[in-house]
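> Attaching a single structure in structure tokens format; questions to follow.
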Amino acid sequence: MSDAPIISIRDLRKVYRVGEVEVQALRGVDLDVARGEFLSIIGPSGSGKSTLFHIIGGLTPPTSGSVHIAGLDLLGLTDAQRTELRKTSVGFVFQKYNLLPTLTARDNIEIARHIAHKNGPLDPQFEEVLKLLGIAGRLDHKPRALSGGEQQRVAIARAIVNHPAILLADEPTGNLDTENSNAVLGILRGLNDRLGQTILMITHNPEAAAYGHRVVRMRDGRIE
Amino acid sequence: MINKLVLENLKHRPVRTLLSILAIGIQVTMVLTLVGLSKGMLNDQARRAEGVGADILVRPPSGAIIISGGQMLARIIPVVIEKQPHVTVASGVLIYGTDLFKSITGIDLASFNKMSGGFRFVHGGPFQHPDDVMVDELYAAQHKLHVGDTIQEMNRPWRVSGIYIPGMLARMVVPLDTLQDLTANTGKVTLVYVKIDQPANINPAIAALSERLKEYKIFSMQDYVTLFSPGNIPMLTEFIYVVIGLGVLVGFLVVFLSMYTAVLERTREIGVLKALGASPGFILNILLRETTLLAVAGSILGIALAYGTRALIANLIPGTLVQDIVYLWWLISAAIALVGALLGAVYPGLKAARQDAIEALAYE
């Protein structure tokens, strides 16, 4: 792990307006994540962990405070700049896999490369990753023909195919049985160990959180 | 890759895709059939006018250029027209429209035969009696007529005396005197065909006739047949524009509904694409490509269906309607379909492009 934090967050606040009501989702979050770290964020519903995930992933702008991702300050980024961030620096893994149902597993991975303007052949290192994920033989199937565990592994492959600085995983085992959960968590840990992939994982499950190097707990929009 | 996504999206909902293509296809067929009928009917009329063998046509002062309207006194033929130099024969005909697409033409057989060289009969021969009618092969086929049969037109029976090869004058021809009496146009004709001794004398003859018949419309047949275009039929161009407008509206509505439901259905996928870094332009591009593909497929189907309508018309009502295939309008009707479809895709496309990624990802 490098000493320079890849994620540096100071006094991060996020206020949503729901009709006439202001909702303070984040109330001053401070967090540093080292390059190559596997961080688990755990907390109850409404604790603000998903909001933190969305801000780090460039899906929504912060209201105030500072968020630096690989040296880039996210405060004040335009929509187009946040789109660029998602394209180049962040990979997402979701609880519901979120594969495009009309495309094969291979094409689900390819579309992420296409969006990032990477249209050449897959690099040999990524071929190794596909073997590590155990989906090399399932790439020509559409999501409906894959098990939940296989779909999540394809989603992981899609998330890292462009070598993002950070892999964001939102409850990646939330829809999986224990065996598949352990497999997916083992894969995430393996990616972190072998490739030095920085991972932020949100989870409700303390056992899943334990796969990370460090666990932070969130409650009421703050890190405890 | 994006084209693959577009194709797979369309294949994913085959019924919706096929219905959209069918609706666009019907819209294209509607335009192509209307234009094909306009051109076909006019070209057929022009061919039949040419088939008469005349060099000059004289029409009364009133009435439109092509549509039969207004009458003139038949006595101008011997008094004025036949007295002009170079005129070898003049024959007046009376045209009486029985409905929108059907008319009966009355001729003076002797002068008409002298001009045209006579009808070429496949069955029977020229009329012998005042209530005889001659019909062309297409009319006979459509109405399953044979020589000796009786048909009912203008509230009276006519006996079919002969069936002739199409391409001359009209589909139904009766004696001029009979039609004049029946329509209270005794002594009147709708137009006069004039034959000139030599082609070189046509223009001088027209000039001389124009001098004598100042208010009349006098054309060389060569010029006259070029006037058979939709622009010279009152309201036809406007009618075509109305159908085109309807076509654009149909394409717009069909694609609007199709794409709107597609966008709603794919809300989550749009969120995923955005999470992957897809820009609003990328999302819009996908929907516009899908729309373009629907419009192109619909246009191809529409062109194929236009051949179908032509075959149907040619088999069922060859004596009433004639539909041409107008190749230029393949492009025009496809462009109309594309414009309507793209207009229909704009709102759903912008809705998709502006979709908030977090809300889209949370969409169930």
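The values are calculated or read from the model by the stated rules, or taken from the named source; none is laboratory data. Bear in mind the structure is a predicted one, so any value in this text is a computation, not a measurement. Glycine gets a Cβ as well: all are built from the backbone with ideal geometry, and neighbour counts include every protein chain shown.
> For region A:165-197, enumerate the residues that are surrounded by fewer than 22 Cβ atoms within 10 Å (Cβ to Cβ) and acidic (D, E).
Once the filter is applied, which keeps residues that are surrounded by fewer than 22 Cβ atoms within 10 Å (Cβ to Cβ) and acidic (D, E), region A:165-197 yields A:E171, A:D177, A:E179, A:D193.
> Further question: I need a count of the residues in region A:143-164 that are crowded, with 24+ Cβ neighbours inside 10 Å and free of Cβ contacts under 8 Å to residues at least 60 places away in the same chain.
The number of residues fulfilling the criteria is 5.
> A follow-up question, please. Kindly indicate whether B:V31 is modelled with pLDDT of 90 or more and out of contact with any Pro (no Cβ under 8 Å at 6 or more places or on another chain).
No, not satisfied.
> Within region B:301-316, identify whether any single residue is within 14 Å of another protein chain (Cβ to nearest Cβ) and basic (K, R), and answer yes or no.
For region B:301-316, residues within 14 Å of another protein chain (Cβ to nearest Cβ) and basic (K, R): absent.
> Going through B:A140, B:A49 one at a time, which residue ends up being within 29 Å of B:P199 (Cα to Cα) and not charged (D, E, K, R)? So that I can check it myself, show each step before the final result.
Working: B:A140 fails: within 29 Å of B:P199 (Cα to Cα).
Just a single option satisfies the conditions, and that option is B:A49.
> Follow-up question, since we're still on this one. Could you grab me the full set of residues in region A:47-64 that are free of Cβ contacts under 8 Å to residues at least 60 places away in the same chain, away from every other protein chain (no Cβ under 14 Å) and either part of a strand (DSSP E or B) or under 26 Å from A:N205 (Cβ atoms) (or both)?
Scanning region A:47-64 gives a single hit, A:S64.
> Report yes if some residue within region A:142-152 is closer than 29 Å to A:V67 by Cα and modelled with pLDDT of 90 or more; otherwise report no. Outline the logic, then answer.
Of all residues in region A:142-152, those closer than 29 Å to A:V67 by Cα come to A:152.
Applying the additional criterion that residues be modelled with pLDDT of 90 or more yields A:152.
The answer is yes; a qualifying residue exists.
> Limited to region B:138-184, what total is found for residues that are among the basic types (K, R) and under 22 Å from the mean Cα position of the chain (by Cα)?
Qualifying residue count, region B:138-184: 1.
> So, one more: Name every residue in region B:295-320 that is modelled with pLDDT under 90 and touching a Leu at 6+ places or on another chain (Cβ under 6 Å), in order of residue number.
Within region B:295-320, B:I313, B:P318, B:G319 qualify.
> Kindly indicate which of B:V122, B:V135 is crowded, with 22+ Cβ neighbours inside 10 Å and in a strand (DSSP E or B).
That would be B:V135, the only listed residue that is crowded, with 22+ Cβ neighbours inside 10 Å and in a strand (DSSP E or B).
> While we're looking at this one, here's another question. Does region A:39-53 include one or more residues that are within 24 Å of B:S279 (Cα to Cα) and among the aromatic types (F, W, Y)?
Within region A:39-53, one or more residues are within 24 Å of B:S279 (Cα to Cα) and among the aromatic types (F, W, Y).
> Among (1) more than 14 Å from chain A (Cβ to nearest Cβ); (2) outside any helix (DSSP H, G or I); (3) at pLDDT 80 or above, which single condition is B:G277 missing?
Only one criterion in (1) more than 14 Å from chain A (Cβ to nearest Cβ); (2) outside any helix (DSSP H, G or I); (3) at pLDDT 80 or above is unmet by B:G277, namely (1).
> Could I ask something else about it? When residues of region A:182-224 are filtered for being within 16 Å of the chain's Cα centre (by Cα), in a helix (DSSP H, G or I) and more than 21 Å from A:V90 (Cβ to Cβ), how many remain?
Selection size over region A:182-224: 1.
Yes/no per residue for (1) more than 22 Å from B:G251 (Cα to Cα); (2) not in a helix (DSSP H, G or I):
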site: B:G308; (1), (2): no, no
site: B:A311; (1), (2): yes, no
site: B:P318; (1), (2): yes, yes
site: B:D324; (1), (2): yes, yes
site: B:L331; (1), (2): no, no
site: B:A334; (1), (2): no, no
site: B:A341; (1), (2): no, no
site: B:P348; (1), (2): no, no
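> Grab the helices (runs of 4 or more DSSP H) fully contained in region A:65-157, keeping just those with 1 or more residues being within 13 Å of chain B (Cβ to nearest Cβ) and farther than 22 Å from B:H12 by Cβ.
Those helices (runs of 4 or more DSSP H) span A:79-88.
Yes or no, residue by residue, for (1) closer than 30 Å to A:D170 by Cα; (2) in the same structural domain as B:L22 (by TED's automatic domain parsing); (3) buried (at least 19 other Cβ atoms within 10 Å of the Cβ); (4) not small (G, A, S):
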| position | (1), (2), (3), (4) |
| --- | --- |
| B:F282 | yes, yes, no, yes |
| B:A304 | no, yes, no, no |
| B:Y307 | no, yes, no, yes |
| B:L343 | no, yes, no, yes |
| B:A353 | yes, yes, yes, no |
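> Against the condition buried (at least 20 other Cβ atoms within 10 Å of the Cβ) and within 14 Å of chain A (Cβ to nearest Cβ), how does B:L42 come out, does it pass?
no
> Oh, and also: Kindly indicate whether any position in region B:328-342 is in contact (Cβ under 8 Å) with a residue 60 or more places away in the chain, within 17 Å of B:L42 (Cβ to Cβ) and more than 14 Å from every other protein chain (Cβ to nearest Cβ).
yes
> Let me ask something else. Whether any residue in region B:245-267 is without any contact (Cβ under 8 Å) to a residue 12 or more places away in the chain and farther than 30 Å from A:P101 by Cβ is what I want to check.
Yes, region B:245-267 contains a residue that is without any contact (Cβ under 8 Å) to a residue 12 or more places away in the chain and farther than 30 Å from A:P101 by Cβ.
> Moving on. Of the residues B:I81, B:I76, B:I21, B:I56, only one is over 30 Å from B:G308 (Cβ atoms) and either under 27 Å from the mean Cα position of the chain (by Cα) or not assigned by TED's automatic domain parsing to the domain that holds B:W158 (or both); which?
Numbers: B:I81 fails: either under 27 Å from the mean Cα position of the chain (by Cα) or not assigned by TED's automatic domain parsing to the domain that holds B:W158 (or both); B:I76 fails: either under 27 Å from the mean Cα position of the chain (by Cα) or not assigned by TED's automatic domain parsing to the domain that holds B:W158 (or both); B:I21 fails: over 30 Å from B:G308 (Cβ atoms).
After ruling out the rest, the residue left standing is B:I56.
> Still on this structure: Looking only at region A:198-220, which residues are of a type in the set (D, E, K, R) and surrounded by 15 or more Cβ atoms within 10 Å (Cβ to Cβ)?
If the condition is that a residue be of a type in the set (D, E, K, R) and surrounded by 15 or more Cβ atoms within 10 Å (Cβ to Cβ), then A:R217 is the only one that fits.
> Provide a single number: the residues in region B:211-239 that are part of a helix (DSSP H, G or I) and in contact with a helix residue (DSSP H, G or I) (Cβ under 6 Å, 6 or more places away or on another chain).
Of the residues in region B:211-239, 5 are part of a helix (DSSP H, G or I) and in contact with a helix residue (DSSP H, G or I) (Cβ under 6 Å, 6 or more places away or on another chain).
> Got a number for residues in region A:183-208 being under 17 Å from A:E127 (Cα atoms) and touching a strand residue (DSSP E or B) at 6+ places or on another chain (Cβ under 8 Å)?
Qualifying residue count, region A:183-208: 4.
> So which of B:L338, B:L294, B:L312 is aliphatic (A, V, I, L, M) and over 14 Å from B:S20 (Cβ atoms)? Walk me through it before giving the result.
Values: B:L338 fails: over 14 Å from B:S20 (Cβ atoms); B:L294 fails: over 14 Å from B:S20 (Cβ atoms).
Residue meeting the stated conditions: B:L312.
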